[in-house]
Amino acid sequence: MNPTQARFLALWSRFGGSQAAAVYADLVHHYTEPTRHYHTLHHILRCMRDLDLARAAIPDPDAVELALWCHDVIYIPGAGDNERRSAEWLQRWAGDRIVTAGHIAAVILATTHTVAPTDLDACFTVDIDLADLGNSAARFRQDEMCLRAERPDLDDVAYDACERAFLSALLTRPRIYHTGFFHARCEARARANLARRLARPAPR
């Protein structure tokens, strides 16, 4: 058993969930789909890294961790309901054994990044999901290329328009990160990365 699997199994067991090995196998099956380049287990492990850095500031780190594990488990490029399907995936596996599954499903829905979360678990989950925006310029560019590779259905003009709309919406907010921890850690660099990206000319 590798450390990643051991971590998930321990978390699932702490929630009282059953069939932990089968849940993990299904989760890995989804995150290793060949169409994925950014929304992979590597992204989840980066989320775990940021979660561990902020753990002392998070009131319920286990709830945030389970939401992060599951928030991209269903990812169909271009679909508008991936978060809803991911939340439903969690609830199917949780059954009636994980009593907080409804709350965690609601936290997963917050990762649409369309509405500012009010629940603190959701605030940390959303911030951790977006923490990669505050990486170095080189890492940000690499993530851009991975995200672009997930949308072969769009030509460069259409993809650029979609990406600009999402990033512009983030940049015009008073703050990208909702928690003090990630605002202090990521806000300035994320804003610089987004501004640099949006300053590039659109393809023709």
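Just so it is clear, none of the values below were taken in a lab; they were calculated from the coordinates. Remember, predicted model here, so these are calculated numbers, not experimental data. All Cβ positions, glycine included, derive from the backbone under ideal geometry; neighbour counts span all protein chains shown.
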Just report the Cα centroid separation between the stretch 36-96 and the stretch 107-127, whole Å. 11
Using helices alone, I'd like the mean residue ellipticity at 222 nm for the chain: each DSSP H run of four-plus residues gives -39500 (n - 2.57), total over residue count, nearest 500. -20000 deg cm²/dmol
So for the stretch 83-169, taking the charge dipole from beta-carbon charges (+1 Lys/Arg, -1 Asp/Glu), which of W93, L147, I128 sits furthest toward the positive end? W93
If the only charges are +1 at each Lys and Arg Cβ and -1 at each Asp and Glu Cβ, what is the size of the charge dipole of the stretch 3-199 around the Cα centre, to the nearest 20 debye? 520
Show me, for the stretch 102-112, the HN-Hα J-couplings you get by feeding each phi into the Karplus relation (A = 6.51, B = -1.76, C = 1.60, θ = phi - 60°), rounded to Hz, glycine and proline as x. x, 5, 5, 4, 5, 5, 4, 4, 5, 7, 5
Which of R191, R173, R49 moves the most in a Gaussian network model of the chain with Cα springs under 10 Å? R173
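Label the stretch 10-54 by shape, choosing from rounded, prolate and oblate, from the square roots a ≥ b ≥ c of the eigenvalues of the Cα gyration tensor; if a/c is under 1.5 it is rounded, and otherwise prolate applies when a/b is larger than b/c, oblate when it is not. Don't skip to the answer; put the middle values down first.
Details: a/c = 4.42, a/b = 1.15, b/c = 3.84.
In terms of gyration-tensor shape, oblate.
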What ³J(HN,Hα) values, in whole Hz, does the Karplus curve 6.51 cos²θ - 1.76 cosθ + 1.60 give for the stretch 43-59 when θ = phi - 60°, with x put for Gly and Pro? 4, 5, 5, 5, 4, 5, 4, 5, 4, 5, 5, 9, 3, 5, 8, 9, x
Order 121-133, 76-88 from most to least packed using the mean count of other Cβ atoms within 10 Å. 121-133, 76-88
Assuming a ≥ b ≥ c are the square roots of the Cα gyration tensor eigenvalues, decide whether the stretch 1-97 counts as rounded (a/c under 1.5), prolate (otherwise, with a/b larger than b/c) or oblate. rounded
Taking Cα atoms, how many degrees apart are the long axis of helix 120-129 and the longest axis of the chain, rounded to 10 and kept between 0 and 90? 50
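Rounded, prolate or oblate: which one fits the chain, using the alpha carbon gyration tensor with axes a ≥ b ≥ c (rounded when a/c is under 1.5, else prolate when a/b beats b/c, else oblate)?
On the way: a/c = 1.90, a/b = 1.45, b/c = 1.31.
Prolate is the answer for the chain, as a/c is 1.5 or above and a/b outweighs b/c.
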Please give the net charge around D143, taking every other residue with its beta carbon less than 12 angstrom from that of D143, where Lys and Arg add +1 and Asp and Glu add -1. +1
